[in-house]
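Have a look at the structure below before the remarks.
Each value in this text was obtained by applying a stated rule to the coordinates, not by laboratory testing. Quick caveat: nothing in here was measured; it's all calculated off a predicted structure. As a convention, Cβ positions derive from the backbone with ideal geometry for all residues, glycine included, and neighbour counts pool all protein chains shown.
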Amino acid sequence: MKLSVEQFRNWNHKSITLLGMSGVGKTHLANMLRRGGWFHYSGDYRIGTRYLDEAILDNIKAQAMQIPFLRDLLRTDSIQVINNITVDNLSPVSSFLGKLGNPELGGLSLAEFKHRQQLHLQAEISAMRDVPDFIGKSHDIYGYQHFLNDAGGSVCELDDEETLELLAEHTLVLYIKASDKEEKELIQRAETDPKPLYYRESFLQEQLATYMQESHLAYVAMINPDEFVRWMFPRLFTSRIPRYDAIADRYGYTVTTKELWQVQSAEGFIRLIESAIARQS
């Protein structure tokens, strides 16, 4: 959604979609705005509680069934497994995505990894297409004035113009661009604590072939899952930047992480968007 500063100021029920890599401050901002009267729609939370809930639970149960003590309790319905995902704890989603590589180190086969990646892709598209309905619910049911779509870091990977156009029709798209300093910190964080990630299939295939060749590995099952994520993250980060830029140029606006971290209130966030609109205009 493209607006003038005046149009944005006069927009009674503001609806914003935040884009950017995980770790740039989207959820931190969302938590602050929630206290300031904004409805927080977390794409990852919607994915985990609506579209991948059954798959996540099945994966946990499959792991538990490998332990005889837990297997017997599950078979007799003596225990129950629930998905205790929250907006602030999205670990069940990332644990389901998993990492590629040696099964003895917790890795997944290439076929299973691709299967889960595809499930996540479809879940993320569905979660983003739910945004217009939740904008209405946030006003009509919950009584919030403004709406914030805290989109996952992989939204730029969807390759789904219909979904992007839907978001742009109903929300103002705001891309949070990492500064050089923040970029280095995000990469260092990924090296210290490598987490499961979503990759476009073509990107995965290309990078996997390079990694296997550079590492002199004959089989995917020989990959150290954490080392592969450490190797992949900076390449993924670099590949996503032009995708974010293209979305922001076509559909929305861009602010930097430096600007974002100066925001201390909901009013400050609105002023930040106004400055981004004025800058692009």
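So if we plug the beta-carbon distance of SER4 and THR76 into 1/(1 + (r/R0)^6) with R0 = 45 Å, what FRET efficiency do we get, rounded to 0.05? Result of the calculation: an efficiency of 0.10.
Sort THR210, THR27, THR171 by Cβ crowding within 10 Å, fewest neighbours at the top. Please report the intermediate quantities before stating the final value.
Details: THR210 12, THR27 19, THR171 24.
Listed from fewest to most nearby Cβ atoms, that is THR210, THR27, THR171.
Nearest-5 percent of antiparallel DSSP beta bridges in the chain?
Values: 1 of 20 bridges.
DSSP beta bridges in the chain are roughly 5 percent antiparallel.
Relative to the dominant Cα principal axis of the chain, helix 53-64 is inclined by about 30°. Distance from the alpha carbon centroid of the range 210-281 to that of the range 1-76 works out to 18 angstrom.
About the Cα centre, and with charges only on the beta carbon of Lys, Arg (+1) and Asp, Glu (-1), how big is the dipole of the chain? Nearest 20 debye, please.
On the way: 30 positive and 38 negative charges, 111 e Å.
Computed charge dipole of the chain: roughly 540 debye.
The calculated 222 nm mean residue ellipticity attributable to helices in the chain amounts to -17000 deg cm²/dmol, summing -39500 (n - 2.57) over DSSP H runs of n ≥ 4 and dividing by all residues. Seen against the Cα atoms of the chain and their longest principal axis, helix 180-192 is set at about 20 degrees. Among LYS181, LYS137, the order by Cβ neighbours within 10 angstrom, fewest to most, reads LYS181, LYS137. Between THR76, GLY252, GLN213, the Cα set farthest toward the positive side of the dipole of the chain (charges on each charged residue's Cβ, about the Cα centre) is that of GLY252. Round to the nearest 0.05 the FRET efficiency obtained for GLU259 and LYS137 when R0 = 51 Å and r is the Cβ-Cβ distance. Efficiency, rounded to the nearest 0.05: 0.95. Hull volume per residue, based on the alpha-carbon atoms of the range 213-281 and their convex hull, is 144 Å³.
Once C-alpha pairs closer than 8 Å and six or more residues apart are averaged by separation and normalised to the residue number of the range 168-255, the relative contact order reads 62 percent. Our Cα-only numbers for the range 36-77 put the radius of gyration and Dmax at 15.8, 49 Å.
Just subtract the alpha-carbon distance of GLU191 and ASN83 from 0.36 nm times their residue separation and send over the number in nm, one decimal. Mind showing how you got there, number by number?
On the way: separation 108, 0.36 × 108 = 38.88 nm, distance 2.79 nm.
Additional length available on full extension: 36.1 nm.
May I ask you to derive the FRET efficiency for ARG129 and HIS13 from their Cβ-Cβ distance with R0 = 25 Å, giving the value to the nearest 0.05? The value I calculate is 0.80. Summing Cβ point charges (Lys, Arg +1; Asp, Glu -1) relative to the Cα centre of the range 116-262 gives a dipole of roughly 360 debye.
Each Lys and Arg contributes +1 and each Asp and Glu -1, all at the Cβ; summed about the Cα centre of the range 80-202, the dipole is approximately 400 debye. Taking other Cβ atoms within 10 Å as a rough exposure proxy, ARG240, ARG230 sort from fewest to most as ARG230, ARG240.
In terms of overall dimensions, the range 151-281 has a Cα radius of gyration and Dmax of 17.5, 56 angstrom.
Compared with the direct C-alpha span, the chain from ALA55 to GLU267 gains 72.3 nm at full extension, assuming 0.36 nm per residue. Taking max minus min of the alpha-carbon positions on each principal axis, the range 174-243 gives extents of 42, 26, 18 Å, largest first. Size descriptors for the chain: radius of gyration and Dmax over Cα atoms are 20.2, 65 Å.
Counting only alpha carbon atoms, the long axis of helix 266-280 and the longest principal axis of the chain meet at about 80°. Once both labels are positioned 7 Å from their Cα atoms along Cα-to-Cβ, the gap between LEU217 and GLN63 label points is 2.0 nm.
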